[in-house]
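Notes to accompany the following structure.
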Amino acid sequence: MKSQFRGGVHPADSKDTDKEAVKTLPLLELYLVSLSQHIGSPAEPIVSAGDKVLKYQEIAKPTGFISASLHAPTSGTVKAVEPSPHPSGRLIPAIVIESDGEDREFDISTNSDPNLEKGPEVWNDMVKNAGIVGMGGAAFPTHVKLSPPDDKPIELMIANGIECEPYLTADHRLMLESPELVAVGLRLTMEMVGAKKAIIGVEANKPDAIETFRSFDLPPDVEVAELPVMYPQGAEKQLIYALLGKEVPKGGLPMDVGVVVQNVGTLAAICEAVTKGKPLVERIMTLGGSVPAGPGNYLARIGTPLSDIVKQTGGMKGPAARIVSGGPMMGQAMTSFESPVLKGTSGLLVFGPGEMKALNQRACVRCGACVRVCPVSLMPQTLGNMVEWNIFDELEQNHINDCIECGCCAYVCPSDRNMVQFIRQGKAEIITRGQKI
Amino acid sequence: METVLAPSPHLRSPDTIERVMYTVLIALVPGSLIGIYFFGLHAIRVMLISIVGCLVLEGFVLKLRGRDISPLKDGSAILTGLLLAMNLPSSTPGWMVIVGALVAILLGKHVYGGLGYNPFNPALVARVFLLISFPVAMTSWPEPKPFTFSLDTVTKATPLGEMKTNLLMTGSIGDIANIDLMAPFLGNFGGSLGEVSALALIAGGLFLLARKVITWHIPVTFIVTVFVMTGMFWVINPQKFASPVFHILTGGLMLGAFFMATDYVTSPVTNKGMIIFGVGCGAITVFIRLFGGYPEGVSFAILLMNSVTPIIDQYTKPRTFGYLREKKVVA
Ligand code: SF4
Ligand code: SF4
């Protein structure tokens, strides 16, 4: 049963780079492999300054259950493990690797299953060893999602090819250029979680991708679903609702309704990890916005400094006024291009002066627009006002923690209220208060 | 070039308070022009005094509160001024209009902290204040005369007023039930200078709906409630109660339903809440018109509903995604 998920907005999709085939960036001199690439605890380095590493070699181990390992993007020498720029704006430890220019590979063939004979248990370990995390942006360690507990039977696997963020076209290009990786990844994950059926969800603005999958000889238990364009349809719970009409209960996970969702990029990485033993050391990302001289889709190694991407693609056509890591709705603004590509970096967008709405934040005029568009059915204006007036006691009662920070409320607000910022501030306050007690 | 570290989302819709206010002002143009057509120079006079009065007072109060005076440009003071004028008889003396503007801007808006914080519609607070303080001036309605730019006017009762008087004197609403309803539809009847043409106001209202500045919930439920309730009374006793068509076309209903009750700040934020609000406005309007001491009840109805808006919001909170209602287990 397909339904329209509640709320949502329709920003111009600006998918200007969707005809640009993926290009591989040349080998660089320096890579900054951040230890905080994913949700959960950061990875722990197992190399130190002076060590020689090979491409694909593991350089950091996961710490704890929700964590993921890291691998060298090329061969060379570890220069340092030191606090380095990160899209969050903070300095976060990274393994700095100086390339030797040879790109020599670590032997990964032993840890692979080219003929897919070893079975789901082994594949799951391979996914874990490959350091795969959700590549749609959330960067949740994938092996965790693929190991649902026994009391949560999984019926359905959803391949998330929605890419609802404007400007981003990386998933779109992947679906066009390497659909077989996605399809094999989907097959593998279906077996890993025991799902009998699968749906590949794609928005209607990518008809060629839908065509590609439909022209495949997909097994009858795999359906390709075309969904109307609506932001934030790529959000897991909204996507599940749009496809199945089922609500994931509060505080729950998709597995609570018998579903696992994986981004198409993640599925491709899973395929590569299992069939070739390749750890996650590169990803496709979109370089977009009006300022870059060479906008397009690029295969970048994890750890590539964003400044190098700009340099290698012809620089910038003009001054940058807004630099965003990720999509324009949920991405992180940065002051410079110093930070590196992370596993979850779906795009780098650069906008010029005067392109973004000049915000003039004022009091809420209670227009109700945010209430109408909130996909979670919150009352965003109430949350915003409470935080602004330091009334923190009732935030939880008003379900602030269910907010997915999609930004729809701020997008429509005629008073230019920075709703997401208010909400994050409110959530942080709840955490600090909880710690004090 | 400085890069900006703004919080997400980086894309924003082009909507602004200014766009909203100026769209509402444009939507009021037809109604204002009809007012000028029927009430001539006096209409222009009242509108000018009210708008300029509100703007000057807004600037003054902002200065007094030590604020930046940029909100002057947001259009809200102009809108309050125009709405106030449209709710006044064209014969209102200038000083009285200024008192109205003072009440609207000061008591209606800034004592609460300015735009966004006021619980009551400022223009309506001012109108009701004037109505209570100066009942005679506020209920002498100049007779509409196309293109009369003379400044003397003959006063005429409003259809609703006449109906109430007839009812009190004779126990029946009399001839008024049989008037040609094209008159109030086009604007040729006694009343406040901006409320007389249902046609012009509906046109403006449709424009607001088309521009998505307002939603249908409040105006439609407000008007339909008045229609249905007055219809029921009319069916029961047409001697004592006028027809529903008469009721929706006369008085300030269209102006109120499309332009006053839909005021963002003072109406509920949820769709369900707006429906309750619209029905409430309609029901109170009907009770005042049919059984109250005043012939017209739109302003009072909206102000009363403004006062319960926070409660309506509280009780119409949507169900948060994932908070499923407990399903009853059938044994
Ligand atoms: S950011 Fe949160 S409150 Fe705002 S629309 Fe999205 S989910 Fe709702
Ligand atoms: S969209 Fe902005 S102004 Fe409108 S109710 Fe929400 S917070 Fe208030």
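The values are calculated or read from the model by the stated rules, or taken from the named source; none is laboratory data. All of these numbers come straight from a predicted model, not from anything done at the bench. Here the Cβ is made from the backbone with ideal geometry for all residues, glycine too, and neighbour counts use every protein chain on show. SASA here: full protein model, heavy atoms, side chains in, ligands and nucleic acids out. Shrake-Rupley method; radii C 1.70, N 1.55, O 1.52, S 1.80 Å.
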Exercise for review: Consider only pairs whose beta carbons are under 6 Å apart and that are at least six residues apart or on different chains; among these, list those whose first residue lies in the stretch A:407-419 and is in contact (Cβ under 8 Å) with a residue 40 or more places away in the chain and not assigned by TED's automatic domain parsing to the domain that holds A:C164 and whose second residue is more than 9 Å from ligand 1 (Cβ to nearest atom) and among the charged types (D, E, K, R).
Suggested key: A:Y411/B:R12; A:P414/B:D15; A:S415/A:R362
Revision key, fill the gap. Going through the stretch A:310-362 in order, the residues found to be open to solvent by less than 20 Å² (accessible area, probe 1.4 Å), touching a Ser or Thr at 6+ places or on another chain (Cβ under 8 Å) and among the small types (G, A, S) are A:A320, A:A321, A:S325, A:G326, A:G327, A:G331, A:A333, A:S339, A:S346, A:G347, A:G352
Review point. Hey, A:G89 hits all of (1) touching a residue at least 60 places away in the same chain (Cβ under 8 Å); (2) of a type outside the set (S, T, Y); (3) touching a Gly at 6+ places or on another chain (Cβ under 9 Å) but one; which does it fall short on?
Key: (3)
Review point. Out of all the residues in the stretch A:374-409, which are at the interface with another protein chain (Cβ under 7 Å from one of its Cβ atoms) and among the hydrophobic types (A, V, I, L, M, F, W, C)?
Key: A:V376, A:L378, A:M379
Review point. Of the residues that make up the stretch B:313-326, is at least one surrounded by fewer than 22 Cβ atoms within 10 Å (Cβ to Cβ) and within 20 Å of B:K164 (Cβ to Cβ)?
Key: no
Revision key, fill the gap. Over the stretch B:110-126, the set of residues part of a helix (DSSP H, G or I) and modelled with pLDDT of 95 or more is B:P122, B:A123, B:L124, B:V125, B:A126
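Which residue out of A:V365, A:V412 is within 12 Å of ligand 2 (Cβ to nearest atom), on the phi < 0 side of the Ramachandran plot, more than 28 Å from the chain's Cα centre (by Cα) and at the interface with another protein chain (Cβ under 8 Å from one of its Cβ atoms)? Walk me through it before giving the result.
Values: A:V412 fails: more than 28 Å from the chain's Cα centre (by Cα).
Residue meeting the stated conditions: A:V365.
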Exercise for review: From A:L146, A:L168, grab the single residue that is modelled with pLDDT of 95 or more, crowded, with 19+ Cβ neighbours inside 10 Å and closer than 30 Å to A:S88 by Cα.
Suggested key: A:L168
Study note, to complete from the structure: Restricting the stretch B:19-54 to residues that are within 14 Å of chain A (Cβ to nearest Cβ) and open to solvent by less than 50 Å² (accessible area, probe 1.4 Å), the one nearest to the chain's Cα centre (by Cα) turns out to be B:V24
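Scan the stretch A:37-87 residue by residue and report those that are among the polar types (S, T, N, Q), buried (at least 18 other Cβ atoms within 10 Å of the Cβ) and within 23 Å of the chain's Cα centre (by Cα). Outline the logic, then answer.
We begin by selecting, within the stretch A:37-87, every residue among the polar types (S, T, N, Q); these are A:37, A:41, A:48, A:57, A:63, A:67, A:69, A:74-75, A:77, A:84.
Still in the running and buried (at least 18 other Cβ atoms within 10 Å of the Cβ): A:37, A:57, A:67, A:69, A:74-75, A:84.
Listed by number, the residues that qualify are A:Q37, A:S67, A:S69, A:T74, A:S84.
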Study note, to complete from the structure: Every listed condition ((1) closer than 30 Å to A:S3 by Cα; (2) more than 9 Å from chain B (Cβ to nearest Cβ); (3) in a loop (DSSP other than H, G, I, E, B); (4) open to solvent by less than 10 Å² (accessible area, probe 1.4 Å)) holds for A:G303 save (1)
Exercise for review: Inspect the stretch B:223-230 for any residue being open to solvent by 20 Å² or more (accessible area, probe 1.4 Å) and not in a helix (DSSP H, G or I) and give the result as yes or no.
Suggested key: no
Study note, to complete from the structure: Among A:C370, A:C406, the single one that is under 22 Å from the mean Cα position of the chain (by Cα) and near ligand 1 (Cβ under 7 Å from one of its atoms) is A:C406
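Pick out the one residue from B:V269, B:V286, B:V298 that is away from chain A (no Cβ under 14 Å), of a type outside the set (G, A, S) and over 14 Å from the mean Cα position of the chain (by Cα). Talk me through it step by step, then tell me what you get.
On the way: B:V269 fails: away from chain A (no Cβ under 14 Å); B:V298 fails: over 14 Å from the mean Cα position of the chain (by Cα).
Of B:V269, B:V286, B:V298, the one residue that is away from chain A (no Cβ under 14 Å), of a type outside the set (G, A, S) and over 14 Å from the mean Cα position of the chain (by Cα) is B:V286.
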